Amino acid sequence: FLTGLQDVAFSPGVIRNEELAIDITRQFAMETMFFVDGRVSRGDEILVQGTLKVFEMETPPETSGVGAGAMNPAQLNRSGSPVKEALLDLLRMDSGSGFFRFEPGFPGFQGHFPGAPILPGVVMLLAGQVVAEKLTGKPLRIRTIDRAKFMQPVFPRQELRVDVTLADPEPFVADIRLTRDGQAVSTCRFTAEEA
């Protein structure tokens, strides 16, 4: 399972069926946790690069159907995605915080994992983006993600609180904290620009 991201930067514009190169290098391992550096490029242009922290499981979850409709990081910057639209429908704002309750049919659970749904980390990041957009009143395009940590799984019917702290208005830098029942679920910092 992905448990964190470090220094991830996005570049705009990938066309469906476009040929991309993916380079992954295992950097460091400690028992069941390891770090990998990755880069996705188109020719000489780097589109996404960063470090992932991954937890290795002894028994993999049921994976039949994984990928069919599953959320992917490109949806962070795509308006009109079904997952982002569903998040907007679920969002309840109260005193500057956003609240989400995910029912089993929420599209972000599709393919992650059949029979044992867990909210993907990319959907947690997207929830932070949605709340930041509500607070600023502007559509945002994420440029970088730093220090993303996914500390606890989120299952159907659990409510998340999303708090966004504006660290810098230009460029837009925000610290995101997701909690469930007062316990930290995920944290990150992202840099964005107006879309």
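State whether the residues of the range 133-140 include one that is on the phi > 0 side of the Ramachandran plot and among the small types (Gly, Ala, Ser). Yes, the range 133-140 contains at least one residue that is on the phi > 0 side of the Ramachandran plot and among the small types (Gly, Ala, Ser). Screening residue 133 with (1) part of a strand (DSSP E or B); (2) without any contact (Cβ under 8 Å) to a residue 24 or more places away in the chain; (3) surrounded by 17 or more Cβ atoms within 10 Å (Cβ to Cβ) gives one miss only, at (1).
Name, by its number, the condition in (1) modelled with pLDDT under 90; (2) farther than 20 Å from residue 103 by Cα that does not hold for residue 174. Status for residue 174: all satisfied but (1). State yes or no: is residue 104 touching a Lys or Arg at 6+ places or on another chain (Cβ under 8 Å) and more than 17 Å from residue 183 (Cβ to Cβ)? Criteria met by residue 104.
Residue 126 satisfies every condition listed in (1) in a strand (DSSP E or B); (2) within 19 Å of residue 10 (Cβ to Cβ); (3) at pLDDT 90 or above except (1).
Rundown of residues vs (1) surrounded by fewer than 17 Cβ atoms within 10 Å (Cβ to Cβ); (2) on the phi > 0 side of the Ramachandran plot; (3) in a helix (DSSP H, G or I), yes/no style:
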position	(1), (2), (3)
85	yes, no, yes
111	no, yes, no
114	yes, no, no
144	yes, no, no
155	yes, no, no
165	yes, no, no
170	yes, no, no
189	yes, no, no
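For the range 149-172, a tally of residues being more than 12 Å from residue 185 (Cβ to Cβ) and touching a Gly at 6+ places or on another chain (Cβ under 8 Å) returns 1.
The values are calculated or read from the model by the stated rules, or taken from the named source; none is laboratory data. Here the structure is a predicted model, which means the values were calculated and not measured. Counting neighbours? That spans all protein chains shown, and the Cβs are built from the backbone with ideal geometry, glycine included.
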